[in-house]
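Down below is the structure, laid out as structure tokens.
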Amino acid sequence: MRLIHLDRNPYAGFPAQQWGGTWYGDHGARREIFGRCIDLIKPKVIVEVGSFVGESAIHMAQLVQQRGMDSCVLCVDTWYGGFDHWKGAREKIVNHFGRPDFFYKFMANVIANRCENVIVPLATDSLNAARILEYLGIKADLVYIDGSHEEGDVLRDYKAYWPLLNSGGGMLCDDWSGHFPGVLEDGQRFIAHTECKPVAIEGEKVLFVKT
């Protein structure tokens, strides 16, 4: 929190009552593989790329809280909505003064679930965030990639965050399914690029471990 927000608490004074209650019931955000990853890697720093309204971030935060771990979940997102939202879920994009309100819904959900001591928001695009983390010397033990689903963008995120992983760290990749052919195509390119094979698969989620 100190490195990202210069000792300012981003949750202080936030009007959570005004924005709470937006939850989409994404079953994939609570898959067992999150707990398996945390038990396997025991991460101090978790980076989530693509947080939306916070369902998976809150789940991971609750898992580390339950285990008594001194960990943080750093959430990277513009909170503007992805191209896939524009194509298939336009009704979820609600603008206030010209900007989507996903960030405010995310903040309210984090507060409502008492995870503000674990979750640290970083409101920027994924590539810029990777550069910021490198500049600040922040390395991750677990990275969860659920950002853009467009071919090319996915591989860019994989390549940007793989070097930020500590040795023995894991990268959990989302949406490896036929619904997102660009993710699958870039996933195969990532495997060819790193010569790294998945160590765990659950549903649409695939885990790689850096040696």
### Message
Springs between alpha-carbon pairs under 10 angstrom, Gaussian network model over the chain: which of TYR135, TYR80, TYR144 fluctuates most?
### Response
TYR135
### Query
Which of the lysines could a cross-linker bridge to LYS197, judged by Cα under 28 Å and excluding same-chain residues fewer than eight apart?
LYS42, LYS44, LYS139, LYS159, LYS205, LYS210
### Query
How much length is gained on full extension from PHE83 to GLU202, taking 0.36 nm per residue of separation minus their Cα-Cα distance?
40.3 nm
### Task
Starting from the amide H of VAL120, placed 1.01 Å from N in the peptide plane, find each other amide H under 5 Å away whose residue is 5 or more places distant or on another chain.
VAL73, LEU74, CYS75
### Task
Could you tally the net charge around TRP19, taking each other residue with its Cβ under 13 Å from the Cβ of TRP19, Lys/Arg +1 and Asp/Glu -1?
0
### GNM result for the chain, Cα springs below 10 Å: residue of PHE97, PHE34, PHE52 fluctuating most strongly
PHE97
### Filtered GluC sites (Glu not before Pro), the stretch 154-211: DSSP coil and at most 12 other beta carbons within 10 Å
GLU195
### Message
Using helices alone, I'd like the mean residue ellipticity at 222 nm for the chain: each DSSP H run of four-plus residues gives -39500 (n - 2.57), total over residue count, nearest 500.
### Response
-11000 deg cm²/dmol
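Every read-out reported here was derived from the displayed coordinates using simple, explicitly stated rules and does not represent laboratory data. None of these values were measured; they are calculated from a predicted model. Quick reminder, even Gly has a Cβ in these numbers, built from the backbone with ideal geometry, and neighbours come from all protein chains shown.
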